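Reviewing the structure listed below.
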């Protein structure tokens with residue numbers, strides 16, 4: 001291959017890489033949210049399945065229901081965070097922080113309502129619910145960190 005051919009190939013690669021870089025902060029946030037979703041879903045499903053299996057072996061069917069409900073709550077909470085990221089991407093940073101804090105408060109209140117509603121329900125095991133919920137949130141959050149580190153986006157767009 002000639003030297004000019006190698007230069008053209010390098011130039012094409014740089015041009016292609018530059019085309020993939022988000023142009024605005026909102027584009028960057030959306031790209032990151034998509035990457036987080038792709039990276040987090042399957043590990044979280046695996047943790048919920050493992051939690052349900054362990055709960056079934058330990059305490060039977062109430063454990064399975066508890067683990068599945070805990071996993072569903074964790075995944076729904078994490079999905080809500082990604083939806084809020086995407087919906088608030090175009091807003092000023094101060095508003096984004098208010099949205100994030102509001103989303104956090106809504107999730108805490110929802111978790112409190114679920115806990116109060118399910119208190120003493122015989123068909124589910126509360127420890128299985130709690131442990132699977134915690135495990136799924138930790139795995140989802142870890143996957144989000146991995147996605148953030150792997151996603152090629154600038155962290156500051158001026």
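The values are calculated or read from the model by the stated rules, or taken from the named source; none is laboratory data. What you are looking at is a predicted structure, and each value in this text was computed from that prediction instead of being measured. Positions of Cβ are generated from backbone atoms using ideal geometry, with glycine treated the same way; all protein chains shown enter the neighbour counts.
Points to keep in mind about this one:
- Members of the range 62-78 that are out of contact with any helix residue (DSSP H, G or I) (no Cβ under 7 Å at 6 or more places or on another chain) and touching a residue at least 40 places away in the same chain (Cβ under 8 Å): 62, 65
Per-residue answers, yes or no, for (1) in contact with a helix residue (DSSP H, G or I) (Cβ under 8 Å, 6 or more places away or on another chain); (2) without any contact (Cβ under 8 Å) to a residue 60 or more places away in the chain; (3) within 21 Å of residue 53 (Cβ to Cβ):
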position: 81; (1), (2), (3): yes, yes, no
position: 86; (1), (2), (3): yes, yes, no
position: 89; (1), (2), (3): yes, no, no
position: 116; (1), (2), (3): no, yes, no
position: 127; (1), (2), (3): yes, no, yes
position: 132; (1), (2), (3): yes, no, yes
position: 150; (1), (2), (3): yes, no, no
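- Residue in the range 59-80 that is assigned to a helix (DSSP H, G or I), exposed (fewer than 13 other Cβ atoms within 10 Å of the Cβ) and either modelled with pLDDT of 90 or more or within 15 Å of the chain's Cα centre (by Cα) (or both) present: yes
- Among residues of the range 124-138 being in a helix (DSSP H, G or I) and buried (at least 21 other Cβ atoms within 10 Å of the Cβ), the one that is nearest to the chain's Cα centre (by Cα) is 136.
Each row is one residue, and each column tells you yes or no for (1) modelled with pLDDT under 90; (2) under 20 Å from residue 28 (Cα atoms); (3) touching a strand residue (DSSP E or B) at 6+ places or on another chain (Cβ under 9 Å).
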site: 112; (1), (2), (3): yes, no, no
site: 120; (1), (2), (3): yes, no, no
site: 130; (1), (2), (3): no, no, no
site: 158; (1), (2), (3): yes, yes, no
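- Any hit, the range 147-156, residues being closer than 22 Å to residue 72 by Cβ, surrounded by 14 or more Cβ atoms within 10 Å (Cβ to Cβ) and either within 16 Å of the chain's Cα centre (by Cα) or modelled with pLDDT of 95 or more (or both): yes
- Some residue of the range 92-107 being surrounded by 11 or more Cβ atoms within 10 Å (Cβ to Cβ), under 27 Å from residue 50 (Cα atoms) and in contact (Cβ under 8 Å) with a residue 12 or more places away in the chain: yes
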